[in-house]
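Asks: One structure coming up, written as C-alpha cells, with questions to follow.
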Amino acid sequence: MTDTQIEWDDSFLIGIEELDYEHKVLINDINRLHLELARQDENSEIEKCLGDIYARMQAHFALEEHVMKEREYEFFDEHKREHERLLDSYSGYMIQILNDTAVSFSNPIEDTLKHWVINHILNSDKKMSLMVQEFRNNLPNLTNS
Ligand code: FEO
C-alpha cells in the first residue's frame, strides 16, 4: 500500500458531517506523509507531517468521543480503547522514525496508518454512526407535545 495514496470516495462517509470532514482532512495528511516519505530529500517534512497527523488524530478522537458521549453510544468504551491503541502504536512508530535518521521506505508506519484508519472508519466509525443516528431519530419530538 505504500506506493499509492488513499483516494477519498463516498464509501468513507459515515453520515456525521463534522466527523466526515475530519476524516477527509486526516486522509489528506496521510497522503502528504506518503509524498514526504517518497521524497526523502533534505527538504522533506516527514517530521512535521508525523506531528501534524498525531495532533489531528488526537483532536479528531476527542471530538468523536464527545459526539459518542452526547448521544449515549452503547459501545463508547470499546471505541475509545481503539482510539487509544491507535494513538499508542502511532506514537511508538513516530518515536522510532524520529530517532532513526535513515528512515527507509519499508518503514511500516504508512501501511499501519492506512490500514488502521481505513478499517477504523469503515467498520467502527460507521457502526457508531448508524447507532447514534438511530438514537437521535428515536428521541421524542418535544415540539409536538
Ligand atoms: Fe473517526 Fe473513531 O475515529
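Asks: Straight-line reach from residue 24: which lysines have Cα under 22 Å away, leaving out those fewer than 8 places along the same chain?
Replies: 48, 80, 114, 126, 127
Asks: Let a ≥ b ≥ c be the square roots of the eigenvalues of the Cα gyration tensor of segment 53-92; is it rounded (a/c under 1.5), or, if not, prolate (a/b larger than b/c) or oblate?
Replies: oblate
Asks: In sequence order, what are the phi-derived ³J(HN,Hα) couplings for segment 114-120 according to the Karplus relation 6.51 cos²θ - 1.76 cosθ + 1.60 with θ = phi - 60°, rounded to whole Hz, with x for glycine and proline?
Replies: 5, 4, 4, 5, 5, 4, 5
Asks: Report in % the part of the accessible area of the chain that belongs to carbon and sulfur, leaving out ligands and nucleic acids; probe 1.4 Å.
Replies: Carbon and sulfur together cover 50 percent of it.
Asks: Can you give me the convex hull volume of the Cα atoms of segment 4-94, divided per residue and expressed in Å³?
Replies: 100
The values are calculated or read from the model by the stated rules, or taken from the named source; none is laboratory data. Note that the structure is predicted; figures quoted are calculated from it, not measured. The area values use the complete protein model at the heavy-atom level, side chains included, leaving out ligands, DNA and RNA. Shrake-Rupley method; radii C 1.70, N 1.55, O 1.52, S 1.80 Å.
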